[in-house]
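Take a look at the structure below.
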Amino acid sequence: MVYGPCKYIFAVESTYLELRERIPLDKNEGIYVRDTRDGSVRSVQGKSYMLESYEELWEMPLDETVEQLLPKRTQGKYRQVVFRCPFNAAVQIYDYKRKTSRACFGPDLISLEPDEQFTVFYLSGGKPKKPGQIKTIEIGLGPDFFSDIFQVETSDHARLELQLSYNWFFKIDEENPSKIFNVRDFVGDACGAIASKVRGQVAGIKFEEFHKLSARHIRKAIFGLNEDGKIGDELLFKNNGLCVTNVDIQRVEPVDIRTKQSLQKSVTLAIEITTRMQEAEAKMHADQI
């Protein structure tokens, strides 16, 4: 390497290989540099840098899915991969050299070292929930909600379709913050567990009883009962700290046509009885006047 500014006269046996210029870098910018002597790769960040004679720029390989989720790298793949983790979100990074992972919580600017990669999460989506519908490298911490549709069957074999929406957030364990990543698909896991709880509760109840007190039976199945015999306030998944705080019962609808017709008749009859009672009370009140 001959460093300028200077004049250099080539010897007869000399060969011009490459013109190198100092690479300017901001405090949040970096490049990957490879040592051609031993093959080691390191990152240089936050200062302008001139490659040594035994160094070269190294292109960071990324998984195809990660490439799609990150902003497009327009300045070259040798530029250090940077991701802005938004507020109230978390990202998991795995180090293949040390075989360890770390959790980063937003708002934060994350820079990948040469041996690190983002963990991609494949979450369930849609209604009813289907696995692998959402691809993301960031996990929201909540409060937020997700919805699901599933079927249940009462003790007298009436099949019902429920549409429920759940409010949730993550309880962060300060001693083990990476705990939230223990379940790769926390949405599908939570929806499956809750649906199982509700099915177990409804299976021991007759249709008429469930129809009258559907909200209570569903909440009891999900949150359980406390020491005072009252319905609990939350459902906590201990393996990852996911906490469900509320359930919104959006729809309870019979699947069988006969059950639908029977339900419509009972509702119509109840309305008629209520109307007649109100008319009788109004007539009695008018007679007294």
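Computed from the coordinates by the stated procedures, all read-outs in this text should not be read as laboratory data. Source: prediction; values computed, not measured. When we count neighbours, we look across all protein chains shown, and the Cβ atoms used for this are built from the backbone with ideal geometry, even at glycine.
Here is how the number arises for the chain: DSSP H runs of 4 or more residues each give -39500 (n - 2.57), the sum is divided by the residue count, and the result at 222 nm is -8000 deg cm²/dmol. Between 221, 90, 203, the GNM of the chain built on Cα springs shorter than 10 angstrom shows 203 fluctuating the most. Considering only 186, 118, 87, the mean-square fluctuation computed in a Gaussian network model of the chain, springs between alpha carbons under 10 angstrom, is largest for 87. For segment 8-17, putting each phi into the Karplus relation 6.51 cos²θ - 1.76 cosθ + 1.60 with θ = phi - 60° gives couplings of 10, 9, 5, 6, 4, 8, 8, 10, 7, 9 Hz, in residue order, rounded to whole numbers and with x for Gly and Pro.
Here's how it looks for residue 101: its modeled amide H is under 5 Å from those of 95, which are all 5 or more places away or on a different chain. With contacts taken as Cα pairs under 8 Å at a separation of at least 6 residues, segment 121-255 carries a relative contact order of 30 percent.
For segment 30-118, the convex hull drawn through the C-alpha positions has a volume of 102 cubic angstrom per residue.
Among 110, 275, 226, pick out the residue whose Cα is farthest towards the positive end of the charge dipole of the chain, where Lys and Arg carry +1 and Asp and Glu carry -1 on C-beta, about the Cα centre. Selected residue: 275. Size of the chain: Rg and Dmax of its alpha carbons, in Å, are 31.4, 126. Extension gain, residue 178 to residue 231, is 16.0 nm, computed as 0.36 nm per intervening residue step minus the present C-alpha separation. Among 239, 226, 88, the residue with the largest mean-square fluctuation in a Gaussian network model of the chain, with springs joining Cα atoms closer than 10 Å, is 226. With a cut-off of 15 Å on the backbone N, the residues of segment 30-69 near the modelled label site 7 Å out from residue 6 along Cα-Cβ are 53. Computed from Cα atoms, the angle from the helix 257-288 axis to the main principal axis of the chain rounds to 60 degrees. Between residue 147 and residue 82, the C-beta separation translates, for a Förster distance of 35 Å, into a calculated FRET efficiency of about 0.55. Suppose R0 equals 45 Å; then what is the FRET efficiency for residue 127 and residue 276 from their Cβ-Cβ distance, rounded to the nearest 0.05? With a Förster radius of 45 Å, E is 0.65. Given a Förster distance of 30 Å, report the FRET efficiency between residue 105 and residue 37 from their Cβ-Cβ distance, rounded to the nearest 0.05. With R0 = 30 Å, the Cβ-Cβ based efficiency is 0.20. Rounded to the nearest Hz, the phi-derived 3J(HN,Hα) couplings of segment 95-110 under the Karplus curve 6.51 cos²θ - 1.76 cosθ + 1.60 (θ = phi - 60°) are 9, 6, 6, 8, 6, 10, 10, 9, 10, 10, 10, x, x, 7, 9, 9, where x marks glycine and proline.
With no solvent and one point per C-alpha, what does the Debye sum give as log10 I(q)/I(0) for segment 121-255 at q = 0.13, 0.16, 0.21 Å⁻¹? Ignoring solvent entirely, the Cα scatterers give -0.57, -0.83, -1.27. Stretched out straight at 0.36 nm per residue, the stretch from residue 68 to residue 209 would grow longer than its current Cα-Cα span by 45.7 nm.
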